[in-house]
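Quick notes on the structure that follows.
The values are calculated or read from the model by the stated rules, or taken from the named source; none is laboratory data. Because the structure is a prediction, the values reported are computed rather than measured. Reconstructed Cβ throughout: ideal geometry from the backbone, glycine too, with neighbour counts over all protein chains shown. Just so you know, the surface numbers come from the protein's heavy atoms only, side chains and all, with ligands and any DNA or RNA stripped out. Shrake-Rupley method; radii C 1.70, N 1.55, O 1.52, S 1.80 Å.
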Amino acid sequence: MKSFICMFIVLMMLSGCASKQSVELISSSVEIRDDRSGGVSITSGDKKGEIIEPISLSYDFVLKNTGKKVLGGMEKINSQTFEYNDGIKVYIEPNEKLQEVTTEVMGFNMYDEEDRQQAGLGMGITGTPVLEQNQEGKYTLDFVLGALEENPEIRIAPSSEQLNKLKRNSLDALVIIHIADEEIARFDLKNPN
């Protein structure tokens, strides 16, 4: 019986070690950005050819590979999305309060891809698909909120008061890290440590 208990304890300790996250959230920030460096070209109407400068809610993260293995890969490219299926992917999972705020401010849950598509608003993601051992990488998620002026391409952004409310609540979420559709880590943005 003693050997069974000892073996059980050893197995529990090993399973605890195996589930230790090999990625660390070094820093996170969120801001409302006025994208003057890029934009959307108007394709019809009186303003055809002009560039619309969208407003975005932008999350910036720095992740570090703290494990002994390379994280991610660049072997399996998806020809439709031009992303690496085996690469590191970062997602935001809003808590209930943030979902309520985004629905109040935007009229839909902007963290839901289907809702964003129905609203005609996009999202941009930048980051490295691979992190070598002890390497840090920056990841940015830009959720388009609308444009500053009336146009036929993108809806008008919420008021500055509404944008500030959205920003104040934007850390009521988790950042989830995936590799090849498998979750490897999650961090609470309100309490990252």
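Things worth noting here:
- Selected residue (only one of LEU163, LEU121 is out of contact with any Pro (no Cβ under 8 Å at 6 or more places or on another chain), within 26 Å of GLU50 (Cα to Cα), open to solvent by less than 50 Å² (accessible area, probe 1.4 Å) and assigned to a helix (DSSP H, G or I)): LEU163
- Filter result for LEU171 (out of contact with any Cys (no Cβ under 7 Å at 6 or more places or on another chain) and outside any loop (DSSP other than H, G, I, E, B)): no
- Taken over segment 83-118, the criterion of being assigned to a strand (DSSP E or B) and open to solvent by less than 30 Å² (accessible area, probe 1.4 Å) is satisfied by ILE88, VAL90, ILE92, PRO94.
- Subset tally (residues that are open to solvent by less than 60 Å² (accessible area, probe 1.4 Å), part of a loop (DSSP other than H, G, I, E, B) and touching a Phe, Trp or Tyr at 6+ places or on another chain (Cβ under 9 Å)) for segment 64-82: 2
- On the stretch given as segment 174-183, residues that are assigned to a strand (DSSP E or B) and either β-branched (Val, Ile, Thr) or open to solvent by less than 70 Å² (accessible area, probe 1.4 Å) (or both) total 6.
- Yes/no for ASN134 being more than 16 Å from the chain's Cα centre (by Cα) and outside any helix (DSSP H, G or I): yes
- Residues of segment 146-160 satisfying the condition of being aliphatic (A, V, I, L, M) and either open to solvent by 30 Å² or more (accessible area, probe 1.4 Å) or at pLDDT 95 or above (or both): LEU148, ILE156
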